[in-house]
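S.K.: First the structure, then my questions, so here it is.
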Amino acid sequence: MSNQSGKMKLIAMKFGGTSVGSAEAITQVKDIVRDTLSTESENVLVVVSALNGVTNLLQEGLVCAASGDEAGYQHVTEALRERHWQVIDNLLDGEADPLLASSNELIDGYLRFCESVHVLGEAPPRALDYTMGLGERISARLVAATLRHHGIKSQAVDATDLIVTDDQFQNAAPILDLTEAKVKQGLGPLLNEGIVPIVTGFIAATVDGVSTTLGRGGSDYSAALLGAILNSDEVWIWTDVDGVMSTDPRIVKEARSIERLTYKEVGEMAYFGAKVLHPKTIRPVLEADIPLRVKNTFNPTHPGTLITPNDLASDHPIKAVTVIREMSLITVEGKGMLGVPGIAARTFGAVARTGKSVLIISQSSSEQSICFVVPRAASGVVVKALREEFVSEIARRDIDQTTSRDDVAIVTVVGAGMLETPGIAGRIFTATGSNGVNVIAIAQGSSECGISLVVTDDDADLAVRAIHVLALADN
Ligand code: ASP
Ligand code: MG
């Protein structure tokens with residue numbers, strides 16, 4: 001089972017909320033770990049999310065506490081107890097008591113924390129992070145206890161002792177050298193003894209030990225980071241679908257799982273709204289050149305999606321179609337812009353100062369207009385900033401208007417092979433045109449492996465369906 005370099009093989013795997021969401025699911029997790037240890041790899045490192053729904057509950061309770069709703073957070077606390085008790089009781093038949101006691105203790109702590117927030121009347125990001133990782137702490141203990149119950153050596157580890165971050169609460173960034181040292185020190189000895197560490201996803205701590213979180217959905221990132229530092233052979237993300245889907249199955253029921261993707265392609269998909277992986281997941285594994293697999297806990301024999309640095313099967317030009325809604329198309333337009341240097345720089349400078357991000361940009365070659373897309377919630381401040389920036393040009397009528405069109409969505413067609421394959425763009429526009437979809441603007445995706453179309457909200461599903469037919473035909 002050793003790999004080519006002769007080192008013991010290690011697979012880092014992350015189980016998401018539904019994968020640990022019930023006694024049956026956790027039993028499945030135990031089987032997956034046991035099977036992987038007996039057939040694939042000497043060592044397995046596990047990262048877990050909270051039971052599904054728990055992180056939302058924790059947040060809800062804190063919001064209630066901050067807004068003075070005492071009954072609200074008490075209700076949430078009871079719901080948290082119920083949720084965990086049921087799973088623990090069903091799972092650890094006869095041996096549940098110690099775990100019930102420790103989860104109860106953690107939930108008591110949460111209740112006390114809500115009481116303090118109630119008194120203070122606010123829950124700043126730092127306070128939220130202090131307690132938002134509670135769900136992961138309980139699920140890690142629960143999974144470790146289940147493995148031990150079935151004779152697999154295992155130990156729960158809190159990532160607050162492993163991942164060191166800055167103090168940007170709610171979206172903290174790891175400090176790599178400090179993290180690396182702690183991870184090697186904390187997990188190396190366990191792995192050497194053949195113990196399966198069950199690490200809490202999502203949470204971390206600052207150098208001073210203050211709790212932080214890596215952002216919602218951040219457990220994927222935790223797993224990629226730990227897998228990269230420990231030089232694991234692969235990182236597997238276990239979820240509740242058969243891998244990364246070619247589009248949203250709620251829009252197209254023929255959506256299928258994609259066999260292979262490159263890191264760039266999956267990054268593009270995440271950027272344009274496909275809820276595949278936490279967007280930061282890619283970087284650590286990409287830099288460490290580790291393949292990533294997305295697999296289904298409830299259908300473990302399905303190969304899922306394999307994500308690698310380079311595509312070996314580039315005869316599949318269109319791989320996926322994603323949609324991101326609630327966007328605004330901002331246009332800066334005017335005859336006086338022609339040939340005037342610096343308009344684009346000033347436009348995006350003004351947008352940057354608002355702190356809002358631009359998803360796509362397109363400029364016509366006549367240089368009489370620049371248009372770009374921002375999230376709809378940002379459109380008001382962005383237009384205001386532009387009108388201020390160009391106040392004298394607008395007065396001179398060099399720039400006629402800066403307008404915002406607030407009924408658009410971005411449909412992105414992803415596939416690295418697409419841009420080198422002649423005729424694909426033509427087929428995309430034939431497909432949208434013949435279905436009556438009006439394409440308002442076009443741009444090449446941010447990582448050169450996709451094309452994005454701006455369409456109205458009303459046309460978005462139609463566009464996805466029309467283009468997805470091509471993806472099916474090509475694969
Ligand atoms: N439990 C956290 C969340 O719901 C982290 C995760 O599941 O990845 O956001
Ligand atoms: Mg997730």
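S.K.: Kindly indicate whether residue 322 is among the hydroxyl-bearing types (Ser, Thr, Tyr), surrounded by fewer than 18 Cβ atoms within 10 Å (Cβ to Cβ) and either more than 27 Å from residue 421 (Cα to Cα) or at pLDDT below 95 (or both).
M.R.: On the way: among the hydroxyl-bearing types (Ser, Thr, Tyr): yes; surrounded by fewer than 18 Cβ atoms within 10 Å (Cβ to Cβ): no; either more than 27 Å from residue 421 (Cα to Cα) or at pLDDT below 95 (or both): yes.
The answer is no for residue 322.
S.K.: Take the conditions surrounded by fewer than 20 Cβ atoms within 10 Å (Cβ to Cβ), in a loop (DSSP other than H, G, I, E, B), modelled with pLDDT of 95 or more and within 16 Å of ligand 2 (Cβ to nearest atom) and apply them to residue 215. Does it pass?
M.R.: On the way: surrounded by fewer than 20 Cβ atoms within 10 Å (Cβ to Cβ): yes; in a loop (DSSP other than H, G, I, E, B): yes; modelled with pLDDT of 95 or more: yes; within 16 Å of ligand 2 (Cβ to nearest atom): yes.
For residue 215, the condition - surrounded by fewer than 20 Cβ atoms within 10 Å (Cβ to Cβ), in a loop (DSSP other than H, G, I, E, B), modelled with pLDDT of 95 or more and within 16 Å of ligand 2 (Cβ to nearest atom) - is met.
S.K.: Looking at (1) modelled with pLDDT under 95; (2) part of a helix (DSSP H, G or I); (3) away from ligand 1 (no atom under 13 Å from the Cβ); (4) surrounded by fewer than 23 Cβ atoms within 10 Å (Cβ to Cβ), can you tell me which one residue 274 breaks?
M.R.: Failing condition for residue 274: (2).
S.K.: Moving to a separate point now. Being open to solvent by less than 20 Å² (accessible area, probe 1.4 Å) and within 15 Å of the chain's Cα centre (by Cα) is the filter here; which residues of the range 218-234 pass it?
M.R.: If the condition is that a residue be open to solvent by less than 20 Å² (accessible area, probe 1.4 Å) and within 15 Å of the chain's Cα centre (by Cα), then 218, 219, 220, 222, 223, 224, 225 are the ones that fit.
S.K.: Quick one: residue 386 ticks every box in (1) open to solvent by 10 Å² or more (accessible area, probe 1.4 Å); (2) part of a helix (DSSP H, G or I); (3) at pLDDT 95 or above except a single one, so which number is it?
M.R.: (1)
S.K.: Quick check, is residue 356 within 22 Å of the chain's Cα centre (by Cα), surrounded by 14 or more Cβ atoms within 10 Å (Cβ to Cβ), under 30 Å from residue 400 (Cβ atoms) and at pLDDT below 95? Full working, then the answer.
M.R.: On the way: within 22 Å of the chain's Cα centre (by Cα): yes; surrounded by 14 or more Cβ atoms within 10 Å (Cβ to Cβ): yes; under 30 Å from residue 400 (Cβ atoms): yes; at pLDDT below 95: yes.
Yes: the conditions hold for residue 356.
S.K.: Let me confirm something: among 138, 88, 107, 152, which residue is outside any helix (DSSP H, G or I) and open to solvent by less than 50 Å² (accessible area, probe 1.4 Å)?
M.R.: Numbers: 138 fails: outside any helix (DSSP H, G or I); 88 fails: outside any helix (DSSP H, G or I); 107 fails: outside any helix (DSSP H, G or I).
From the options 138, 88, 107, 152, the qualifying one is 152.
S.K.: Sticking with this structure for a sec: With respect to residue 269, determine if the residue is open to solvent by 20 Å² or more (accessible area, probe 1.4 Å), more than 16 Å from ligand 1 (Cβ to nearest atom) and touching a Lys or Arg at 6+ places or on another chain (Cβ under 9 Å).
M.R.: Working: open to solvent by 20 Å² or more (accessible area, probe 1.4 Å): no; more than 16 Å from ligand 1 (Cβ to nearest atom): yes; touching a Lys or Arg at 6+ places or on another chain (Cβ under 9 Å): yes.
Spelling it out, it is not the case that residue 269 is open to solvent by 20 Å² or more (accessible area, probe 1.4 Å), more than 16 Å from ligand 1 (Cβ to nearest atom) and touching a Lys or Arg at 6+ places or on another chain (Cβ under 9 Å).
S.K.: Kindly provide the set of residues from the range 54-85 that are part of a helix (DSSP H, G or I), free of Cβ contacts under 8 Å to residues at least 24 places away in the same chain and more than 16 Å from ligand 1 (Cβ to nearest atom), ordered by number.
M.R.: The answer is 71, 72, 75, 78, 82, 85.
S.K.: Let me ask something additional. Within the range 298-319, restricting attention to residues that are polar (S, T, N, Q) and in contact with a Gly (Cβ under 8 Å, 6 or more places away or on another chain), which residue is surrounded by the most Cβ atoms within 10 Å (Cβ to Cβ)?
M.R.: Going residue by residue through the range 298-319, those that are polar (S, T, N, Q) are 299, 301, 305, 308, 310, 314.
Applying the additional criterion that residues be in contact with a Gly (Cβ under 8 Å, 6 or more places away or on another chain) yields 305, 314.
On the way: 305: 23, 314: 15.
Across the range 298-319, the extreme among qualifying residues is 305.
S.K.: Could you tell me which numbered condition residue 339 fails, if it satisfies all but one of (1) part of a strand (DSSP E or B); (2) at positive phi?
M.R.: The single condition residue 339 does not satisfy is (1).
S.K.: Given the structure, is residue 240 within 16 Å of ligand 1 (Cβ to nearest atom) and open to solvent by 50 Å² or more (accessible area, probe 1.4 Å)? Let's see the steps before the verdict.
M.R.: Details: within 16 Å of ligand 1 (Cβ to nearest atom): yes; open to solvent by 50 Å² or more (accessible area, probe 1.4 Å): yes.
Yes: the conditions hold for residue 240.
The values are calculated or read from the model by the stated rules, or taken from the named source; none is laboratory data. Model, not experiment: these values are computed from the prediction. For neighbour counting, all protein chains shown are included, and Cβ atoms are generated from backbone atoms with ideal geometry for every residue, glycine included. For the accessible areas, the whole protein counts, side chains as well, though only heavy atoms, and no ligand, DNA or RNA atoms are used. Shrake-Rupley method; radii C 1.70, N 1.55, O 1.52, S 1.80 Å.
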